[in-house]
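The block underneath contains the structure these notes are about, expressed in structure tokens.
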Amino acid sequence: MTDEATMLARLRAGDEAAFTTLVRAEHGRLVRLARIFCRGSRATAEEVVQDSWLAVITGLDRYTGEARLGAWIAGIVVNKARTRAARDGRMVPFPDLAREELAAPAQPGDPPGFAEDGHWAGRVDPWHAATPERLVADREVLRHLLAAIETLPPAQRAVVTLRDIEQHDGPEVCRMLGLTDGNMRVLLHRGRSKLRAALDPMLRAPHLRRGKTPAGDAGAVAEGATGS
Amino acid sequence: MWNCRQVEERAGDLLDRRLRMGERFGLWAHLAVCPDCRAWLRQMRATVAMLRALPPEPPAPETEARLREAFRARRPG
């Protein structure tokens, strides 16, 4: 039995500890998800998510298991957040926002940008070698990253949140936001680039000497995917 | 061979494994001689990995208590 099947069985059996574990693990992510559709209001997003948990509790016996448990809960949150935004007359028009953001001139590469010949305009200094998990466990780094996410233009923030933080797949994100696949991918790339640039000054490791990386390492960098 | 600007432009496809085989060779050839692009690509991957690794934010204790109560109310018997 998978972890998810075990969790579902425990929830259906009324196991309160399992429910608490699920709520603690998912609540913050779901609030972040709801905020996308609630124009950033944390209070409204909190209400939407609490309401969604109640719908999860009453819907447990009807849940068919077709979608993953997490995706099913996220779907409930998205529906409720959208309904709430519509009721408040505060729907976020993502296709329009995407068009605006994509019409704005791209800033390729962010800092350091490019020289005339297509090479980087400055050096790209390596980052601190700690694992991503260790890095986000650092309170300063985490605060900095969360602040950078907040400053992204709304459509880029939505796509980065759904794709990279919530890890929904591409077609699902396009459906939720009403975007084409091409637009979604450009927004995702621009958002990621801005976040990289925002993290760069903090994570640079000037003590690492350049040129130490063996050339044979290049393939590993190219192959190593972040999944999809 | 690719230049750095092309690497940047195609980074999204690269990270999401959408590059065709021919394109991958052009990219590898560039990465083999460009420490800046190697560093930059690592940073893009690290950025995505950090987003995926954001720590959970549990609800406020009173919210959690309310939700647990609602869950208990559902329990048969």
Looking only at segment A:82-102, and only at residues there that are in contact with a helix residue (DSSP H, G or I) (Cβ under 7 Å, 6 or more places away or on another chain) and more than 19 Å from A:Leu152 (Cβ to Cβ), the one that is modelled with the highest pLDDT: A:Arg84
Quick check on my filter: what residues within segment A:135-183 are surrounded by 15 or more Cβ atoms within 10 Å (Cβ to Cβ), part of a helix (DSSP H, G or I), facing chain B (nearest Cβ under 10 Å) and of a type outside the set (S, T, N, Q)? A:Leu135, A:Val136, A:Val141, A:Leu142, A:Leu145, A:Ala148, A:Ile149, A:Val160, A:Arg163, A:Asp164, A:Ile165, A:Gly170
Among the residues of segment B:42-55, write down those that are out of contact with any Leu (no Cβ under 7 Å at 6 or more places or on another chain) and either at pLDDT 95 or above or part of a helix (DSSP H, G or I) (or both). B:Arg42, B:Gln43, B:Ala46, B:Ala49, B:Leu51, B:Arg52
Kindly list the number of the only condition in (1) buried (at least 16 other Cβ atoms within 10 Å of the Cβ); (2) assigned to a helix (DSSP H, G or I) that fails for A:Asp125. (2)
Can you go through B:Arg52, B:Arg45 and tell me which one is under 27 Å from A:His144 (Cα atoms), crowded, with 18+ Cβ neighbours inside 10 Å and charged (D, E, K, R)? B:Arg45
Restricting attention to segment A:60-83, does a residue exist that is at the interface with chain B (Cβ under 10 Å from one of its Cβ atoms) and over 30 Å from A:Pro201 (Cα atoms)? yes
Residue hits (segment A:16-30; crowded, with 21+ Cβ neighbours inside 10 Å, hydrophobic (A, V, I, L, M, F, W, C) and out of contact with any Leu (no Cβ under 9 Å at 6 or more places or on another chain)) are A:Leu30
Here's a check for you: in segment B:1-39, which residue that is among the acidic types (Asp, Glu) and assigned to a helix (DSSP H, G or I) is farthest from the other protein chains (Cβ to nearest Cβ)? B:Glu23
Being under 19 Å from the mean Cα position of the chain (by Cα) and under 19 Å from B:Phe71 (Cα atoms) is the filter here; which residues of segment A:49-74 pass it? A:Val49, A:Leu69, A:Gly70, A:Trp72, A:Ile73, A:Ala74
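The values are calculated or read from the model by the stated rules, or taken from the named source; none is laboratory data. A quick note: this is a predicted structure, and the numbers were derived from the prediction, not measured. For neighbour counting, all protein chains shown are included, and Cβ atoms are generated from backbone atoms with ideal geometry for every residue, glycine included.
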